[in-house]
1. Please find, within segment 162-191, the residue that is modelled with the lowest pLDDT out of those that are small (Gly, Ala, Ser) and either under 24 Å from Ile220 (Cα atoms) or surrounded by 17 or more Cβ atoms within 10 Å (Cβ to Cβ) (or both).
2. Looking at (1) closer than 27 Å to Ser162 by Cβ; (2) modelled with pLDDT under 90, find the lone condition where Ser199 falls short.
3. Does Leu121 meet the test of being at pLDDT below 90, surrounded by fewer than 18 Cβ atoms within 10 Å (Cβ to Cβ) and part of a helix (DSSP H, G or I)?
4. Condition first: without any contact (Cβ under 8 Å) to a residue 12 or more places away in the chain and assigned to a loop (DSSP other than H, G, I, E, B). Now tell me which residues in segment 317-344 satisfy that.
5. Could we say that Thr44 is among the hydroxyl-bearing types (Ser, Thr, Tyr), at pLDDT below 95 and loosely packed, with under 12 Cβ neighbours inside 10 Å here?
6. Would it be correct to say that Ile173 is in contact (Cβ under 8 Å) with a residue 60 or more places away in the chain, within 22 Å of Ser286 (Cα to Cα) and out of contact with any strand residue (DSSP E or B) (no Cβ under 7 Å at 6 or more places or on another chain)?
7. Could you check how many residues of segment 10-41 are surrounded by 14 or more Cβ atoms within 10 Å (Cβ to Cβ) and over 25 Å from Lys340 (Cα atoms)?
8. Checking Val159 against (1) assigned to a helix (DSSP H, G or I); (2) surrounded by fewer than 18 Cβ atoms within 10 Å (Cβ to Cβ); (3) at pLDDT 95 or above, only one condition comes out false. Which one?
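The values are calculated or read from the model by the stated rules, or taken from the named source; none is laboratory data. Here the structure is a predicted model, which is why all the values come from computation and not from measurement. Cβ sites come from the backbone with ideal geometry, for glycine too, and all protein chains shown count toward neighbours.
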Amino acid sequence: MSSKSWNAVLAKSRAMYGKCLKDQDYQQLIDCKTVAELAGYLKTRTCYARALSGLTESEVHRGQIEPLLRQEIYLNIFSLSRYTTNNALAVADFVTSKLDIEQIVRCLMLLNIGKPEDFVLSVPFSLDSYTAVSFKKLAAVRSYDDLLLALEHTRYASVIRSFRPEEGKPADIARIENELNNKNYSMVIEAIASIKNKSERKELQELFYSMFDFDNLERILRLKKYHQLSAEEIRTMLIPFGKLSQRMIEEFCSAEDIKDVYELAGNTYLGSHLSKLQYHGTSQMSFALINTYCKHHLRLSPNPVIVMISFIYLKQIEVHNIITLIEATRYGLSPEEKQKLPIR
């Protein structure tokens, strides 16, 4: 990467992060009594003004606002990608693929419950020209065979084909999502391994492997707490990459309960991260870890690719926070209850 591009990515990523929601913005959103009021604040007082410019606050619902918010993530990625090299683009592609996979999984979920036509209600069609998946084709899906046709020329086709369910049976969404994500993880690890600069390669491996460990720890805790799966079943649902050794992962999976998992994690490098966190519930832990980790790298790393990826992850967490607050406001949670929801 040329020094000009290097400086441009660093400066632009940090400048875009500077426009993200501040504590006072979250407090204003928490204090909103209606979804329309919340949408109005986002539209007039935050960096989401462009994304929500065509939104009518009086008729807003999650199905309308969520794709517009996610569109902002895509546009941020494309804006930053103009300044980057092929290596950085390959890493950024990992994030856009995660967003594509979310849409595929949503399409599958609607198919399973017999409401595939609802997909059209919350999809960012304006991004069709930027993504590997045609959202217009996904909106037209009415069967698993339709989904195969919609994805036949994409990187996701082989996974969707291999998990085709028997006639009359629902798709195994958990397995499909896991396989799609693992394929995406493999692609980004290969992309990082191909980077010639040893220092840049090592830094990126450190970043992604740490975030994979954060994700795996939360998965193990969640699967033990809510699904009581066996160690063998849990292993099949984990990301096959990370800094933790296979022996340590095996100990996590075989632990008697989540208290033992936390104790084991405290004896690894994860312990120092966990001790600094403030979060409410297992479901927030991974996001809280990634949030703290990426803020550190965004502020201090001299590597433009790491700064860019850190910003994109923080932007995803911010959108997750907003969507969570929209749902909390819709269901009438008190400001005190909503205070616990955003990961900051």
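1. Only one residue fits best here, namely Ala191.
2. For Ser199, the exception is condition (1).
3. Against the criterion (at pLDDT below 90, surrounded by fewer than 18 Cβ atoms within 10 Å (Cβ to Cβ) and part of a helix (DSSP H, G or I)), Leu121 qualifies.
4. Going through segment 317-344, the residues without any contact (Cβ under 8 Å) to a residue 12 or more places away in the chain turn out to be 331-334, 336-337.
Scanning segment 317-344 gives Tyr331, Gly332, Leu333, Ser334.
5. Values: among the hydroxyl-bearing types (Ser, Thr, Tyr): yes; at pLDDT below 95: yes; loosely packed, with under 12 Cβ neighbours inside 10 Å: yes.
Taking the combined requirement at face value, the residue satisfies it.
6. Answer is yes for this residue.
7. 5
8. Checking Val159 against (1) assigned to a helix (DSSP H, G or I); (2) surrounded by fewer than 18 Cβ atoms within 10 Å (Cβ to Cβ); (3) at pLDDT 95 or above, the one that fails is (2).
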